[in-house]
1. Please label the shape of segment 49-136 as rounded, prolate or oblate, based on the square roots a ≥ b ≥ c of the eigenvalues of the alpha-carbon gyration tensor (a/c under 1.5 means rounded; beyond that, a/b larger than b/c means prolate, else oblate).
2. For segment 65-195, just say rounded, prolate or oblate: build the C-alpha gyration tensor, square-root its eigenvalues into a ≥ b ≥ c, call rounded for a/c under 1.5, and beyond that prolate if a/b exceeds b/c, oblate if not.
3. Probe of 1.4 angstrom, ligands and nucleic acids ignored: what's the accessible area per residue over segment 141-186, in square angstrom?
4. Rounded to the nearest 20 debye, what is the charge dipole size of segment 92-177 about its Cα centre when +1 sits on each Lys and Arg Cβ and -1 on each Asp and Glu Cβ?
5. Distance between Cα centroids, segment 46-115 to segment 162-196: provide it in whole Å.
6. Summarise the accessible area of segment 50-196 (1.4 Å probe, protein heavy atoms) by the percent that is carbon and sulfur.
7. Suppose we take every Cα in segment 126-196 and form the convex hull; what volume per residue is that in Å³?
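The values are calculated or read from the model by the stated rules, or taken from the named source; none is laboratory data. Keep in mind the model is a prediction, meaning the values are calculated, not measured. Positions of Cβ are backbone-derived with ideal geometry, glycine not excepted, and every protein chain shown enters the neighbour counts. Remember, those area values only see protein heavy atoms, side chains included, never the ligands or the DNA or RNA. Shrake-Rupley method; radii C 1.70, N 1.55, O 1.52, S 1.80 Å.
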Amino acid sequence: MTETNKKDASLENENTEDKNLEETPEAEVIFAEEEVEAENVETPSEEDSKLADLEAKYNELENRYLRLQADFDNSRRRARLDAEAAQKYRAQSLASDLLTALDNFERATKVEANNEQTKSLLSGMDMVYKGLLEALKKEGITPIETVGKEFDPHLHQAVMQVEDDSFDANVVVEEFQKGYMLKDRVLRPAMVKVNG
């Protein structure tokens, strides 16, 4: 082959390739997609700022969720404690109302009896008094110990002070009115005389 023929053949090949490219719409679509993708590609700083915004929103929502969970747990715990306290101290109102009656029964049982009829009446009153004390004890209500104990302002109400060498200082000498406890709560402090 001569050189001219070679040049003509190569030109013919190039023209054929150009025609093939022009005739294939797929090639145009591929180039067009690459150009569109190149236009839509965001810069790294825009991606970082979007990521930071999403992380901030996520952290805010997570914090809100954790706070709500903690509030729910706290309210459930408070409701349980309130229910336990209501159950534990359910007899407080009734016991407070009965304390005056108990004081009257106690005073009545200390009266001296002159005849058999009065003695049997006092014996019956003493049984009722002990029955009331036993019923209150089942509910967790107990008398506060006083005489010979050290004065405690949470348990005792001092109404008198004396100087008595037979007792140590700050010790209860005499009880004027019984005090009562409901489990770990003071229903009524005991009225006492304290050695100074």
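1. Prolate.
2. Details: a/c = 4.48, a/b = 1.62, b/c = 2.77.
Oblate, since a/c reaches 1.5 and b/c is not below a/b.
3. That works out to 65 Å² for each residue.
4. Values: 7 positive and 17 negative charges, 113 e Å.
Using Cβ point charges on Lys, Arg, Asp and Glu, segment 92-177 gives about 540 debye.
5. 32 Å
6. Summing carbon and sulfur atoms, their accessible area is 53 percent of the total for segment 50-196.
7. 84 Å³
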